[in-house]
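S.K.: Encoded as C-alpha cells, here's the structure I'll be asking about.
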Amino acid sequence: MYKLSQIAQLLKAEIVSNCPIDEMMVNDVLLDSRKLLSSEDTMFIALITHRNDGHKYILELYQKKVNIFLISKFEPEFSELKDAVFIIVHNTLDAFQRIVSWHRGHFNIPVIGISGSNGKTIVKEWLFQMLYSDKRIVRSPKSYNSQIGVPLSVWQMSKNDELAIFEAGISEQNEMDRLQKIIKPTIGIFTNIGTAHDENFININQKTGEKLKLFTSVDVLIYCSDYTNITERFVASGLQQTVKSYTWGHKNEPNLLIKSIVKSQNSTTVTAKESINELPFEIIIPFIDDASIENAIQCWCTLRYLNYSIQVIQERLLLLSSIGMRLEMKDGINGCSIIDDSYNSDVNSLRIALDFMQHQKHLYKYTIILSDILQSGRDEKELYREIAELLKIKKVSKLIGIGNAITRNRACFNMESTFFPTANDFIQGSDFSNFNNEIILLKGARIFHFEKISKALQQKSHETVLEVNLNALINNVNYYKSKLNPGVKLMAMVKAFSYGSGGFEIANVLQFHHLDYLAVAYVDEGVELRKASITLPILVMHPEPNSFESIIRYNLEPEISNFRMLEMLEIALMESDNVAPIGIHLKIDTGMHRLGFDNDDLKMLIGRLQGLQDHLFIRSVFSHLAAAEDPSEDDFTRKQISRLTEIADEIQQSFHYPILKHILNTSGISRFSEAQFDLVRLGIGMYGVPTCTADENYLENVCTLCTSISQIKTISQGDTVGYNRRWIAPKDTPIGIIPIGYADGLHRAYGNGVGKVLVNGQLVPIVGVVCMDMCMIDLTDVEANVGDKVVVFGDEYPIKNMSLALNTISYEILSGISRRVKRVYYQE
C-alpha cells in the first residue's frame, strides 16, 4: 500500500482534487471497470487503446464509490465529482508501468523472467509445480505477458514472497525495453525462437535481439544452445561479457549435454551429461511430445542452476502435470452451464474464473465447486476468509467444498455450503437433480480429479464437439474495430445460431466487450437472446407478420423492407399496450435486388413514416452490398454506396432526429473505408473466416469441429466400405470409424476421397459414403488408436479447405453444423 502523494510525486503529475490527498492510500489498481472488487483504496487507471477509452467509465465507477483516478484528459463533467481525486499524466499506460517499476524496486528476491516464441506459460507453471513446496512464489496469472499483463503481474509482489516468476511477450520492436524495466529479472530463461509475430520484425535475428533485451541485467541466462540464432545474438549483443549462461543442447559443449532422447508410450528417457560431471545419467520426463520435453529440460536446467540435486529434480519432474490453459463452458445437466477451470486453484486464477462466470448472464444462480487452495504458503484462516469475501462480492450463492483444508475452514463461508473430503465422496453422496438452471464453476487442483465431477455434471451427448475459442473471436472483432474511424458503431451478426457457433454464448461475450448492436435473422433468435439477459439493441433482419407482437414485447428492432411489412407493424402497434415508440431499420434496395424499398417508393414511404412518429422512429437506413469482396465489381459497389447515400440523406432531411446510415459488411469494412458512415456490420470475419485477401493473415480461427475414433478395423484387399459399396480397398487397409455424419453437418458429398480429416497431425481421406451418424477414414501409414482426436476443421486444417473441396462457402458449412453437436466455449 502506497500513499497517493508518493505516486503523484513519482509521476510528477498534475492533481485535481477538492479534498486533501496526504492521507489517501492506494492498495490496488483497476484497469477494467467490469472487474471492480472493492472500491476502497483502489485507483482506476483510464487506459486509452485503439479500440476503447477508459475515461468513458469514470462516472460509472464514481457511482460505485471509486474516487481515485489516473487519467490523461480531464473532461468537464469530472468537475462535478466533488470527492474524487484526478492524477493527470500524459500517458496512463506509461504511468502505470512506471508505478509498477517503482513497486518492483522495493523487493530484493530472485526474479525469473521468461521469454521466447513458445512455451513461456508452460515453463512458468512447471517451475511453480516444482518449487512451490520450498518457497512462496508469485507468478504471472495465466499468460499475462503483454504491456498491460506484465505490470499487472508484477504489481502482485508482496513482502511475503520469496521467488517471482514472470513471462514477457512482444509482438513488435521496442516493447521489451519497457518490460525489462518492470520485471528486472535476475534469472533469465529464453525458451526458443520461432516464427510467431515475424511480420513486425525485419528478420529472426532482429526478433531474437529484441527478446534478449529482457535479460540485459540478469545474473544468468538459461537457453538451448541448439538455437543458433540465440547463441549468435547473445554473443553479438555483448551480453556474454556481463551475463553468465547456463545452456543445454545436443552438440558442442553446453552445461547440460543431451546424449539421447528415447520415447516410450507415456514417458521419455533423457540421457545427459553435465560439463562438471563426467558420468552420464538418465532422467525420465512424463511426456512424449517434443515441446513438453523441451519445456521440461528448461525447468531441469533452472533447478540445477538453483543447486537442486539431480535426484530431487528427477522426483519433481515425474510429478509434472499437463497445464490446461483453457477455461471451458459446456452444457450441463438440468439446464445448467458448466464452467470447467480445474487445472489449478490459486487465488489469482480463481479471480479470473469468477470474472468469467459473472459475465454469463443467461442464468441467475451461481454455484462453485472448489477444492482446497494448495501451494499458497498463507495462513489457512486468512486465506479462506479472503476466498469467502471474494465469493460474496461475485454473488456466488452456493459453495461445494472439496478437501480437508476448506472443510476445516467451513465457518468462513456465510452461504449455502456443503463439504466433502474427495471428488468421489461428492459424486457418490450428492443428488444431482438438485442442480437446476444454474452456472456451476469447477475450480480444483489437479490432484482432486475434478474431471470426474465435470463428466458427471455435463449433459450427455456424442463425442463430436464444436470448440469455440472466445479469445480468438474477440481478437477478430478488435482487428476490425481497429479499422474503424472514431465514432463508427459496430453491429455483430449473430443470426443462424451465430453462424453455427452458438446463440446467447456468443452474444454474451460480445455484450461484455461493449459492441453497439447485434443482428439476428428471425424474431425467435432475438427473443432467445432477451431471455438470456442480452440487453444490447437487436436488429431483426427478417421479421414475419405474426412476429410483431414479440418484437414489441421484447424491445427488438425490425428491418422494414416493404409497405406490407410496414402496414403489419402499424396494426400491431395500434393493438399493443406499449406506449414507447419502437425503432425500425429501413432496408433500401441499391442493386442487390433481394429485399428493400426502391427509389420510387421514397415519397410515399416518408409520408407514411411521418404519420407514425408517435409509434415508431427510424433507427437506421441501410442497404446490402452484393459483391464487396470482388475487386472486379468495385464500380458497382461504389454505385450502391452512392445510391444509399442519396436516399438516406433525403430521408434524414425529412426527420428532426439523427438516423444511422450503414452499408458495409465484413468485406466492405476492409475494402471501402470511405463508406463506414455511422455503423458497419461484422459477420463471418468475426468467426475467423476472411472474405478478402487483405484479412487473410490477420484473423484467428474461432471454431474447431472435432470428434474421435470409435473403432478401428482392417479391411482386406477388394472389400468395400459403406453404402452402395462405393469404395473398394486397394490393399489391406486399416479403417477408422468416427461418429460424425450428415446429420451433424458433415456434407454427404464429402465422402469417397473428396474430404480429408486430421488424425495425429496427418491428413487422411474419408472413404465410402458419409452416413447419417458416422463415416469411415483410411488410416494407412498413420499411428492411431481408438479414442484419438480427429479434427474435421480448425487451426491446422482451415474450414476454407473443406469449402473448396465441396465447392461451397464457409458460411454454409458453419451454419449447417447441427445443434446436436455439443458446443464447448473456452478462453485461454
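S.K.: Please go through segment 1-39 and pick out each residue that is within 14 Å of residue 83 (Cβ to Cβ), among the hydroxyl-bearing types (Ser, Thr, Tyr) and not in a loop (DSSP other than H, G, I, E, B).
M.R.: Selection gives 17 alone.
S.K.: Within segment 86-99, can one find any residue that is open to solvent by less than 20 Å² (accessible area, probe 1.4 Å), more than 19 Å from residue 214 (Cα to Cα) and in a strand (DSSP E or B)?
M.R.: Yes: segment 86-99 contains one or more residues that are open to solvent by less than 20 Å² (accessible area, probe 1.4 Å), more than 19 Å from residue 214 (Cα to Cα) and in a strand (DSSP E or B).
Every residue, every condition in (1) at pLDDT 95 or above; (2) of a type in the set (Asp, Glu); (3) out of contact with any helix residue (DSSP H, G or I) (no Cβ under 6 Å at 6 or more places or on another chain), yes or no:
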{"position": "659", "(1), (2), (3)": "yes, no, no"}
{"position": "662", "(1), (2), (3)": "yes, no, yes"}
{"position": "665", "(1), (2), (3)": "yes, no, yes"}
{"position": "681", "(1), (2), (3)": "yes, no, yes"}
{"position": "684", "(1), (2), (3)": "no, no, no"}
{"position": "692", "(1), (2), (3)": "no, no, no"}
{"position": "695", "(1), (2), (3)": "no, yes, no"}
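S.K.: When you scan segment 59-77, how many residues do you find that are open to solvent by 80 Å² or more (accessible area, probe 1.4 Å) and more than 28 Å from the chain's Cα centre (by Cα)? Outline the logic, then answer.
M.R.: First, the residues of segment 59-77 that are open to solvent by 80 Å² or more (accessible area, probe 1.4 Å): 63-65, 76-77.
Next, from what is left, pick out any that are more than 28 Å from the chain's Cα centre (by Cα): 63, 65, 76-77.
Summing the residues that are open to solvent by 80 Å² or more (accessible area, probe 1.4 Å) and more than 28 Å from the chain's Cα centre (by Cα) in segment 59-77 gives 4.
S.K.: Between a residue in segment 92-108 that is farther than 17 Å from residue 177 by Cα and any residue that is surrounded by 15 or more Cβ atoms within 10 Å (Cβ to Cβ) and among the hydroxyl-bearing types (Ser, Thr, Tyr), which pairs come within a Cβ distance under 9 Å, given they are 6 or more apart or on different chains?
M.R.: Hits for this filter: 92/72; 103/2.
S.K.: For residue 696, indicate whether it is of a type outside the set (A, V, I, L, M, F, W, C) and under 27 Å from the mean Cα position of the chain (by Cα). Break it down into steps so the answer makes sense when it comes.
M.R.: Working: of a type outside the set (A, V, I, L, M, F, W, C): yes; under 27 Å from the mean Cα position of the chain (by Cα): yes.
Here the answer is yes, as residue 696 does meet what is asked.
S.K.: Right, another one. Scan segment 803-825 residue by residue and report those that are aromatic (Phe, Trp, Tyr) and surrounded by fewer than 20 Cβ atoms within 10 Å (Cβ to Cβ). Let's see the steps before the verdict.
M.R.: If we filter segment 803-825 for residues that are aromatic (Phe, Trp, Tyr), which is where we start, we get 811, 825.
Listed by number, the list holds a single entry, 811.
S.K.: Let me ask something additional. Is it the case that segment 716-734 has a residue that's out of contact with any Phe, Trp or Tyr (no Cβ under 7 Å at 6 or more places or on another chain), part of a helix (DSSP H, G or I), touching a residue at least 24 places away in the same chain (Cβ under 8 Å) and not β-branched (Val, Ile, Thr)?
M.R.: yes
S.K.: Now, a different point. Here are the criteria: (1) surrounded by 14 or more Cβ atoms within 10 Å (Cβ to Cβ); (2) farther than 30 Å from residue 475 by Cα; (3) modelled with pLDDT under 95; (4) of a type outside the set (Lys, Arg). Tell me which single one residue 48 does not satisfy.
M.R.: All conditions pass for residue 48, except number (2).
S.K.: Another one. Restricting attention to strands (runs of 3 or more DSSP E) lying wholly within segment 758-828, give those where 1 or more residues are of a type in the set (Ser, Thr, Tyr) and either in contact with a helix residue (DSSP H, G or I) (Cβ under 9 Å, 6 or more places away or on another chain) or over 30 Å from residue 290 (Cβ atoms) (or both). Reasoning before the result, please.
M.R.: Numbers: elements: 762-767, 775-778, 789-793, 822-827.
Fully inside segment 758-828 and qualifying: 822-827.
S.K.: Looking only at segment 199-208, decide whether some residue is of a type in the set (Asp, Glu) and over 30 Å from residue 699 (Cα atoms).
M.R.: No.
S.K.: Of everything in segment 214-227 that's open to solvent by less than 70 Å² (accessible area, probe 1.4 Å) and of a type outside the set (A, V, I, L, M, F, W, C), which residue is farthest from residue 250 (Cα to Cα)?
M.R.: Start the filter on segment 214-227 by keeping residues that are open to solvent by less than 70 Å² (accessible area, probe 1.4 Å), which leaves 214-216, 218, 220-227.
Retained after the next criterion (residues that are of a type outside the set (A, V, I, L, M, F, W, C)): 216, 223, 225-227.
Values: 216: 26, 223: 12, 225: 8, 226: 7, 227: 11 Å.
Ranking the candidates gives 216 first.
S.K.: So, restricting to strands (runs of 3 or more DSSP E) that lie completely within segment 339-437, which ones have at least 1 residues that are of a type in the set (S, T, N, Q) and open to solvent by less than 70 Å² (accessible area, probe 1.4 Å)? Give the steps one after another, and end with the answer.
M.R.: Values: elements: 366-371, 398-402, 416-420.
Correct list: 366-371, 416-420.
S.K.: Does any residue of segment 671-679 turn out to be within 30 Å of residue 798 (Cβ to Cβ), part of a strand (DSSP E or B) and not aromatic (Phe, Trp, Tyr)? If you could, list the steps in order and put the result at the bottom.
M.R.: First pass over segment 671-679, keeping only residues within 30 Å of residue 798 (Cβ to Cβ): 671-673, 675-676, 679.
Those still in the list that are part of a strand (DSSP E or B) too: 679.
Right, trim to not aromatic (Phe, Trp, Tyr) and you get 679.
Checked against the condition, which is being within 30 Å of residue 798 (Cβ to Cβ), part of a strand (DSSP E or B) and not aromatic (Phe, Trp, Tyr), segment 671-679 yields at least one hit.
S.K.: State all residues of segment 680-703 that are open to solvent by less than 30 Å² (accessible area, probe 1.4 Å) and assigned to a helix (DSSP H, G or I); if no residue qualifies, say none.
M.R.: Passing the criteria: 684, 685, 686, 687, 695.
S.K.: Taking segment 5-16 as the search range and keeping residues that are touching a residue at least 24 places away in the same chain (Cβ under 8 Å) and open to solvent by 40 Å² or more (accessible area, probe 1.4 Å), which one is farthest from residue 389 (Cα to Cα)? Outline the logic, then answer.
M.R.: Initial filter on segment 5-16 (touching a residue at least 24 places away in the same chain (Cβ under 8 Å)): 7-8, 10-11, 13-16.
Then drop every residue that is not open to solvent by 40 Å² or more (accessible area, probe 1.4 Å), which leaves 10, 14-16.
Working: 10: 33, 14: 35, 15: 33, 16: 33 Å.
Once the filter is applied, the top-ranked residue is 14.
S.K.: Suppose the filter is closer than 22 Å to residue 339 by Cα and surrounded by fewer than 18 Cβ atoms within 10 Å (Cβ to Cβ); does residue 800 pass it?
M.R.: The answer is no for residue 800.
S.K.: Given 461, 417, which one is of a type in the set (Ser, Thr, Tyr) and at pLDDT 90 or above?
M.R.: Values: 461 fails: at pLDDT 90 or above.
Being of a type in the set (Ser, Thr, Tyr) and at pLDDT 90 or above holds for just one of 461, 417, which is 417.
S.K.: Do you know which residues across segment 318-338 are open to solvent by 50 Å² or more (accessible area, probe 1.4 Å) and assigned to a loop (DSSP other than H, G, I, E, B)? So that I can check it myself, show each step before the final result.
M.R.: Filtering segment 318-338 for residues open to solvent by 50 Å² or more (accessible area, probe 1.4 Å) gives 318-319, 322, 326, 331, 334.
Within segment 318-338, 319, 322, 326 qualify.
S.K.: Only one of (1) in contact with a Phe, Trp or Tyr (Cβ under 6 Å, 6 or more places away or on another chain); (2) open to solvent by less than 50 Å² (accessible area, probe 1.4 Å) is not met by residue 740, so which one is it?
M.R.: The failed condition is (1).
S.K.: On to the next question. Filtering segment 430-446 down to residues that are modelled with pLDDT under 90 and under 26 Å from the mean Cα position of the chain (by Cα), which residue is nearest to residue 319 (Cα to Cα)?
M.R.: So the residue we want is 446.
S.K.: Under 7 Å between Cβ atoms, which residue pairs at least 6 apart in sequence (or on different chains) link something in segment 737-762 that is in contact (Cβ under 8 Å) with a residue 24 or more places away in the chain with a partner that is aromatic (Phe, Trp, Tyr)?
M.R.: Short answer, once both residue conditions are applied: 752/727; 758/797.
S.K.: State which residue is farthest from the chain's Cα centre (by Cα) when the search covers only segment 447-459 and only residues that are open to solvent by 90 Å² or more (accessible area, probe 1.4 Å) and touching a residue at least 40 places away in the same chain (Cβ under 8 Å).
M.R.: Step one: filter segment 447-459 for residues open to solvent by 90 Å² or more (accessible area, probe 1.4 Å), giving 447, 451, 455, 459.
Narrowing the set further to residues that are touching a residue at least 40 places away in the same chain (Cβ under 8 Å) leaves 447, 451, 459.
Details: 447: 26, 451: 22, 459: 23 Å.
Applying the filter and picking the extreme gives 447.
S.K.: Within 30 Å of residue 163 (Cα to Cα), touching a residue at least 12 places away in the same chain (Cβ under 8 Å) and under 25 Å from the mean Cα position of the chain (by Cα): is that true of residue 391 in this structure? Show your work before the answer.
M.R.: Numbers: within 30 Å of residue 163 (Cα to Cα): yes; touching a residue at least 12 places away in the same chain (Cβ under 8 Å): yes; under 25 Å from the mean Cα position of the chain (by Cα): yes.
Yes, satisfied.
The values are calculated or read from the model by the stated rules, or taken from the named source; none is laboratory data. All values derive from a computational prediction rather than experimental measurement. In this analysis, Cβ positions are derived from the backbone assuming ideal geometry, glycine residues included, and neighbour counts consider all displayed protein chains. For accessibility, only protein heavy atoms count, side chains too; no ligands or nucleic acids. Shrake-Rupley method; radii C 1.70, N 1.55, O 1.52, S 1.80 Å.
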